[in-house]
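Remarks on the structure that follows.
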Amino acid sequence: MNKLLAKLLTVTLALTVSAALMVMSSFAWFTMSNTPEADGIQINIGGSNTILIASDQVVEHGDGTVSHYPGEFSRKQTFSGVDTYAYLNDVASLQPVSTADGLHWVVQGTDGEAYRVDTRLDNANLTALTEETGGHYVYLDFWVVAPNARYELRVSTGSDDEPNGSYVIDLMQPYASGSSYVLMESENAAAACVRVGFLVNEDVARQEDMVQYMRSAAYSDRFSTLRGRYQEPGEEASTVVSGDNRFTIYEPNGDLHDGAAYGGYRVTQPLGVVADAVVPVDVSDRLSVQLTNGWKLAAGSAQAMLQQEFAAALTGRDLTGETEESLSRYFYQERMQNQLAAYVDRGEFVRSTQALYAAAQNGQVAASDVTLHTTGGATEDVYITDLERNVPQRIRMFIWLEGQDEDCRSLSGTYGFTMSVELAGSNG
């Protein structure tokens, strides 16, 4: 695996869901608050000279069809100002769902049904929730290309000298303390059950998509083929052109639990559709498990660096009329500009998911056994896709709360979390 790590080529997909994607939840999975709030998602994607990233450009035609093609490829992208992703500023809070393949989403049912299966993206990217919603997840598309060689793409912690890396962590929240406010750590209840999924279809894109790309200012003649076809909202999952789809899941904070199991690992078995039946599915062949992420402590202090930054932000500030919510928005969005990676200690990945699952007894791996597993910057036996040289690949990324995770069932209150996903390539 040292050989693999030596070949990791950093690509950062930084998804800051800071004070954004506020999680509203009660004690049972599939049961959530009816009045969630969200401030949007800030997205930044960057990379090395080897793997390049581009935003997804969308053109709607008069006949109802939609074309997708990459914007300009570069080492780093900031998506907050890209029209394609404007909807992320208005998405509602996440509500628990479950999926094993990114095509079939199990959500709370209505009219007395225990659940229903969303195969049309009906519960994705919602801007408002009702009692009948049943669940809510978010997705977005982006493009990746390897212009110099073939690479396998993985989720990675990144290198020590990179300020990004992969993590999901609950935001610390301001609380009144006398005449001022302090930043308090949360229980990380949301971070324990957040999942990030990558759906990859390798079919050649439609000719119309290539025509749109060739007409665009971002066109480069070195990229003569585009790959990736996905369903549009309202279409059935079966409309995805072929069965040549690959789905991988990133599970952060795998050993972080709300209760006595802290430090151990609970085998995750999301719900999938098998022979028309909804059943738990073994996903050990598509799962990357990362250990707990935490806030960095300030040198010589029991306080986190971020807590000291918050105290400095309030120095000399008039707090008249301020509330915990307004200070949270001020601190994370205005003061920190949602740039929090430098304040996070990133947990390492379990290198072999298959070995981790093999060690489980009754679905549990004891904390003492988790520490025996080899860890590193990426999972060795799971990868997102195999990038062909000079062939842009469109990837669909999902974010959700996994309703089959026991920690999701114990959620209570209002949570905000921040996340970053870094992609790295190796040549096998």
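What follows is calculated from the coordinates using simple rules that are stated; it is not laboratory data. Predicted model only: the values in this text are computed from it and were never measured. Counting neighbours? That spans all protein chains shown, and the Cβs are built from the backbone with ideal geometry, glycine included.
Quote to one decimal, in nm, the extra length available between ASP282 and ASP221 on full extension: 0.36 nm per residue of separation minus the C-alpha distance between them.
Details: separation 61, 0.36 × 61 = 21.96 nm, distance 4.23 nm.
Contour length minus Cα-Cα distance gives 17.7 nm.
Normalised by 2.2 N^0.38 Å, where N is the number of residues, the C-alpha radius of gyration of the stretch 168-281 stands at 1.66. The distance from the alpha carbon centre of the stretch 168-212 to that of the stretch 333-392 is 16 Å, rounded to a whole number. Annotation for the stretch 365-402: GluC sites (Glu not before Pro) lying in DSSP loop with at most 16 further Cβ atoms inside 10 Å of their Cβ are GLU388.
Rounded to a whole number, what is D in µm²/s for the stretch 292-364 from Stokes-Einstein with the Kirkwood radius over alpha-carbon pairs (4 °C, 1.567 mPa s)? Don't skip to the end; give the middle numbers.
Working: Rh = 15.4 Å.
In µm²/s, the coefficient rounds to 84.
Coordinate range of the alpha-carbon atoms in the stretch 222-364 per principal axis, descending: 62, 45, 38 Å.
Among the GluC sites (Glu not before Pro) in the stretch 233-336, those located in a DSSP loop and surrounded by at most 11 other Cβ atoms within 10 Å of their own Cβ are GLU236.
With an a/c value of 1.5 or above and a/b not larger than b/c for the gyration tensor axes a ≥ b ≥ c computed over the alpha-carbon atoms, the stretch 94-140 is described as oblate.
By the Kirkwood approach, averaging reciprocal distances over each pair of separate Cα atoms, the stretch 80-215 gets a hydrodynamic radius of 19.1 Å. Among the GluC sites (Glu not before Pro) in the stretch 58-159, those located in a DSSP loop and surrounded by at most 11 other Cβ atoms within 10 Å of their own Cβ are GLU113, GLU131, GLU132.
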